[in-house]
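Structure first, then comments.
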Amino acid sequence: DNKMNVLKRKDFIDTVDHFIVLSEFHKKRAVLEMGVNPEIVHVIEYPLYDTEYNDSKFYNIEKINIVHASQASRGLEILLQSVLHVDEDFQLDIYNDFYPERYDNVDLEEIVKDERINFYGKTPRKTVMKKFANSHIHAYPSIFEETSCLVQAEALASGNLCVYSNIGVLPETSRGHGIMVDFSSIKDQNEAVAKYSESLINAIKIVKNQDFDPSGQIQDILEYRNKDRIVQQWINFDNSLVT
């Protein structure tokens, strides 16, 4: 908030000719919160690098593998409470800043003992990319208004069925793929858990029944996040500055 107070100051805004933002959602927020002319706000997304996809992972599935790889404060508690409603056998691997032994939360005390859940802590990106290549579902019941979500794009490009909330940039990042859960009108965390667990159970059934083909999703995300395409956007922007 203190940084926004600086960015909203007229004497600062008057010094800026252009703003580069990471999504259309980001642009709307910048225009609304800073009061700047939308014509000087330009969207250039992050490109994707080094994503992998194991095209055999959806055949002869022994156990559904679910991955969560975002900061714990962005919805992990909802996910952990949601999996209690899932009777199916699965493996949930969590890569983030959550370490069960450091938290004193009665609500999570029994959940973290669930043998289906593995906590790996902060993990190198390369390791997570290899995990995405072989996992089936990316679970992200976010409650945080992100302006860009690279991990969601990476999960989609790696062929995961993404189950995510409609908070912040996630609908835009997902480009209509995956299963979106409406969190916009939830009254409390219990309602979020009920909604999300239902969609997660549905996603598990879809994968187990081999009703999910990620090929179109992968092609769409890789084309949209193509490095050469985004480099060209920067070149076009640079050319537009020449008078």
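Observations
- Of all accessible heavy-atom area on the stretch 1-148, the percent that carbon and sulfur account for (1.4 Å): 47 percent
- Of all the options 194, 155, 72, the one that moves most in a Gaussian network model of the chain with Cα springs shorter than 10 angstrom is 194.
- Cα centroid separation - the stretch 64-143 against the stretch 1-23, whole Å: 36 Å
- In a reduced charge model with +1 at each Lys and Arg Cβ and -1 at each Asp and Glu Cβ, the chain shows a dipole moment near 500 debye about its Cα centre.
- Anchor residue 28: aspartates and glutamates whose Cα lies under 18 Å away (excluding residues fewer than 8 positions away in-chain): 1, 17, 39, 45, 145, 146, 172
- Where only DSSP H runs of four or more residues are counted, the chain gives -11500 deg cm²/dmol as its mean residue ellipticity at 222 nm, each run worth -39500 (n - 2.57).
- Charge tally in the Cβ shell below 14 Å around residue 215, where Lys, Arg are +1 and Asp, Glu are -1, residue 215 excluded: -4
- Placing a label point 7 Å from the Cα of residue 228 along the Cα-to-Cβ direction, the residues of the stretch 25-61 with a backbone N closer than 16 Å are 47-50.
- Distant-in-sequence amide H partners of residue 36 (H built 1.01 Å from N, under 5 Å): none
- When only the Cβ of Lys, Arg, Asp and Glu is charged (+1, +1, -1, -1), the dipole of the stretch 99-169 relative to its Cα centre reaches about 540 debye.
- For a straight C-alpha distance cut-off of 16 angstrom, the aspartates and glutamates reachable from residue 126 (same-chain residues fewer than eight places away being disregarded) are 50, 52, 93, 154.
- All lysines inside 19 Å of residue 208 as judged from Cα atoms, apart from same-chain residues fewer than 8 positions distant: 57, 63, 131
- Note on residue 87 and residue 189: the extension gain reaches 34.7 nm, defined as 0.36 nm multiplied by sequence separation minus the Cα-Cα distance.
- Looking at the chain, the accessible area is 55 square angstrom per residue; that uses a 1.4 Å probe and ignores ligands, DNA and RNA.
- Expressed as a whole percent, the accessible area of the stretch 149-243 that falls on carbon and sulfur atoms is 48 (1.4 Å probe).
- Karplus (6.51, -1.76, 1.60) ³J(HN,Hα), θ = phi - 60°, over the stretch 193-201, in Hz, Gly and Pro reported as x: 4, 4, 5, 5, 4, 4, 6, 5, 4
- Cα lying deepest toward the dipole's positive end in the stretch 1-50, options 37, 2, 19, charges on Cβ: 2
- Net charge of Cβ neighbours under 11 Å - reference residue 153; Lys, Arg +1; Asp, Glu -1: -2
- Net charge of Cβ neighbours under 14 Å - reference residue 182; Lys, Arg +1; Asp, Glu -1: 0
- Compactness of the chain as Cα Rg over 2.2 N^0.38 Å, two decimals: 1.11
The values are calculated or read from the model by the stated rules, or taken from the named source; none is laboratory data. On a predicted model such as this, the values are computed, not experimentally measured, just so you know. Positions of Cβ are generated from backbone atoms using ideal geometry, with glycine treated the same way; all protein chains shown enter the neighbour counts. The protein model used for the area step is the full one, side chains on, heavy atoms only, and it has no ligands, DNA or RNA in it. Shrake-Rupley method; radii C 1.70, N 1.55, O 1.52, S 1.80 Å.
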